[in-house]
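Below: one structure, written as structure tokens.
The values are calculated or read from the model by the stated rules, or taken from the named source; none is laboratory data. On a predicted model such as this, the values are computed, not experimentally measured, just so you know. Cβ coordinates were reconstructed from backbone atoms using ideal geometry, including for glycine residues, and neighbour counts include every protein chain displayed.
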Amino acid sequence: MKKLILILTVLLCSFQANAQETKIPEEVKTYIQSRVNNQVNVGIVVGYIVGDQVDYYSFGNTAMTNGAPVDKNSVFEIGSISKTFTTTILALKVNNGEMSLDDPISKYLPETVKVPTKNGKEITLKHLATHTSALPRMPDNMEPKDVNNPFADYTYDKLYSFISNHELTRDIGVFSEYSNLGMGLLGHILELQSGLTFEELVIKHIANPLQMDNTRLVLTEQMAKRLAKGHAGLSETKNWDIITLGGAGGIRSTTSDMVKYIQANLNSDSGNTTLDKAMQLAHQSAFKSNDQHIEMALAWHIENGKFLMHNGATGGYCAMSAMDKSSKKGVIVLTNSNENVDAIAIKLMVPSYPLKPVKPSIAKVMAKKIKDSSIDEAIMFYKDAKVSQADTYNFDVDQLNTLGYQFLEEDQNEIALALFKLNVVQFPEASNPYDSLAEAYLKTGNNDLAILNYKKSLDINPANTNASDVLKTLGVNIDQVVVAPEILKTYVGKYQLAPAFFITVTLADDRLYLQATGQSKFEIYPSDYNKFYLKVVEAKVEFKANPEGQIDSMILYQNGQVLPGQRVE
């Protein structure tokens, strides 16, 4: 499976105040250059704001091959930063008296839509705006015709069907769980209330007042000419057309436009316009959980009580925004790659933040070896270099994977198969290499080997919905594992995996949840009676019993690590 980043939640850091730089430091520019030169990102553009000053820096191209240099006017997908536009429009309507944060969402949806409730409580607009609605991250009735443009054919009817048939698994308003579905639904509710499309709302209330002429959901003719093509790894990928759930991540923009947006947010306390006042409301703390170590404004994440942050990602783009209103300091970073650029923004906001050195991709060297010699010579070089030059190149699991897809898309199937087979051998405990190898076998008509590798991928990572979906289309039934509630109860407790690191397991409505020290709570799903997996990350847990049959320990499997923990409560 190609490395696919969905619209993501923000990466939070413990920011501390530091002396301000008024220009983008050379260290940051060198870091950006190293990311592009080593093919981590294709192009990166930064807009850095301190007071009334703005400094731009761009490096790289609009495409991996034959692309023009990116600049502040290049067009990117901004992903989930779109959510802050959605809640700003909501705040404007609240200030105007048209809506209330406490309005139940049922007030605005068609009567035919049955909105789920929990213990007599209804979902409100505020719950959607703070990710506390108890709605899941994504609807489960997405069946895209094109997985490289997964939202394009998701309709309002499908959205209504999911909402009407979904049963909430937790109480409303007590737990923040990132939901693209919820924020997309909020964008649609704003459409229903106003009679305008979400794009028309963005243009009317934000883009036009701020003269952001290159900020749209649908590319204008001029924007299309300056589009930085999205990339998944080394390969160009399709743009995501997000309309029904556009409020969650459908906006395209430029760095220069986004600088105007960040500046407006930074200066909103002047209260001179209705947009200023709406941004003020959107910045106010609206949900805080000490247990989750999280504080939310309307869509904006609040860190250390002062920093407002949000990032975003689609299939071929990543974006990061952050600002400190007290010091009038902000940043926007855009890239046409599915490799996140959070570190660049964090470094500019917090100069003491360390930037990790970027190693050259082994894939770049392999591609040249294949071109100049042969796939066999390239594989021999890879095996030798991984031993003799382990610290020279980036050998992580994605390197061969993305290179394999580059050849697969060029119909050089035998080379792609060889690369995917090599990746499986190099990373036998990782799920994605088997998935990619299965896809290559499927393309070449070898369904039996495709099924075998999809099954292996699913064994390693039961949350791999791509594998399970493809297996269903191939007529392979995937049995759902159900664990009796009385067995689930035996796993409830607190497990110590390190001196200061614990995992607490809880049970609610016959569903099991896991919460690690300093982290959010997540549901875990059974793959066997004592084995469970997470959907938010590739991780598994296994519960162990002592000779008397009592559960006294657990094992966490994540990122190749095996972490046992004793039950302490």
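Things worth noting here:
- Single match in ASP398, ASP384 (criterion: of a type in the set (D, E, K, R) and touching a residue at least 24 places away in the same chain (Cβ under 8 Å)): ASP398
- Residue in the range 268-290 that is of a type in the set (Ser, Thr, Tyr), assigned by TED's automatic domain parsing to the domain that holds ILE44, farther than 23 Å from ILE346 by Cβ and out of contact with any helix residue (DSSP H, G or I) (no Cβ under 8 Å at 6 or more places or on another chain) present: yes
- In the range 69-99, the residue that is surrounded by the most Cβ atoms within 10 Å (Cβ to Cβ) out of those that are within 19 Å of HIS131 (Cβ to Cβ) and over 27 Å from the mean Cα position of the chain (by Cα) is VAL94.
- Residues that are within 25 Å of GLN284 (Cβ to Cβ) and in contact with a Ser or Thr (Cβ under 8 Å, 6 or more places away or on another chain) within the range 326-344 comprise GLY330, VAL331, ILE332, listed in sequence order.
- Unique residue being within 24 Å of PRO136 (Cα to Cα), at pLDDT 90 or above and either under 29 Å from the mean Cα position of the chain (by Cα) or among the charged types (D, E, K, R) (or both) when the list is LYS531, LYS521: LYS531
- Residue within the range 105-128 that is part of a loop (DSSP other than H, G, I, E, B) and within 25 Å of the chain's Cα centre (by Cα) present: yes
- A single entry from ILE262, ILE251, ILE243 fulfils the requirement of being under 22 Å from PRO144 (Cβ atoms) and out of contact with any Lys or Arg (no Cβ under 8 Å at 6 or more places or on another chain): ILE243.
- Given (1) assigned to a helix (DSSP H, G or I); (2) within 17 Å of GLY60 (Cβ to Cβ); (3) modelled with pLDDT of 95 or more, number of the condition LYS347 does not satisfy: (2)
- Verdict on GLN519 being of a type outside the set (Ser, Thr, Tyr), closer than 29 Å to TYR454 by Cβ and either outside any strand (DSSP E or B) or in the same structural domain as GLU167 (by TED's automatic domain parsing) (or both): no
- When every residue of the range 164-174 is checked against the conditions, none turns out to be closer than 28 Å to GLU339 by Cα and surrounded by 20 or more Cβ atoms within 10 Å (Cβ to Cβ).
- Exactly one residue among ASN423, ASN432, ASN477, ASN466 is assigned to a loop (DSSP other than H, G, I, E, B), at negative phi and not hydrophobic (A, V, I, L, M, F, W, C), and that residue is ASN477.
- Matching option when the condition is at pLDDT 95 or above, assigned to a helix (DSSP H, G or I) and touching a Phe, Trp or Tyr at 6+ places or on another chain (Cβ under 6 Å), among LEU437, LEU417: LEU437
- Test: residue in the range 381-393 that is touching a strand residue (DSSP E or B) at 6+ places or on another chain (Cβ under 7 Å) and part of a helix (DSSP H, G or I): no
- Strands (runs of 3 or more DSSP E) (entirely within the range 30-80) containing at least 3 residues that are outside the structural domain of GLY250 (by TED's automatic domain parsing) and farther than 26 Å from LYS325 by Cβ: none
- Criterion (within 30 Å of LYS455 (Cβ to Cβ), not in a strand (DSSP E or B) and not assigned by TED's automatic domain parsing to the domain that holds GLU295) met by exactly one of TYR491, TYR557, TYR513, TYR533: TYR491
- First in the range 63-88 and of a type in the set (Lys, Arg), second anywhere and part of a loop (DSSP other than H, G, I, E, B), Cβ under 8 Å, 6 or more apart: LYS83/ALA299
- Any chance VAL365 is at pLDDT below 95, β-branched (Val, Ile, Thr), in a helix (DSSP H, G or I) and at negative phi: yes
- Output for the range 183-209, where each listed residue is surrounded by fewer than 17 Cβ atoms within 10 Å (Cβ to Cβ) and among the hydrophobic types (A, V, I, L, M, F, W, C): LEU192, LEU196
- Residue satisfying all of: in the range 411-429; within 16 Å of ALA450 (Cα to Cα) and not hydrophobic (A, V, I, L, M, F, W, C); surrounded by the fewest Cβ atoms within 10 Å (Cβ to Cβ) among these: GLU414
- One residue stands out among those in the range 483-497 that are free of Cβ contacts under 8 Å to residues at least 60 places away in the same chain and closer than 23 Å to GLN558 by Cα: the one that is surrounded by the fewest Cβ atoms within 10 Å (Cβ to Cβ), which is VAL492.
- So GLU377, is it over 29 Å from the mean Cα position of the chain (by Cα), acidic (Asp, Glu), within 29 Å of THR444 (Cα to Cα) and surrounded by fewer than 19 Cβ atoms within 10 Å (Cβ to Cβ): yes
- Residue match in the range 520-535 (condition: over 30 Å from LYS288 (Cα atoms), basic (Lys, Arg) and surrounded by 13 or more Cβ atoms within 10 Å (Cβ to Cβ)): yes
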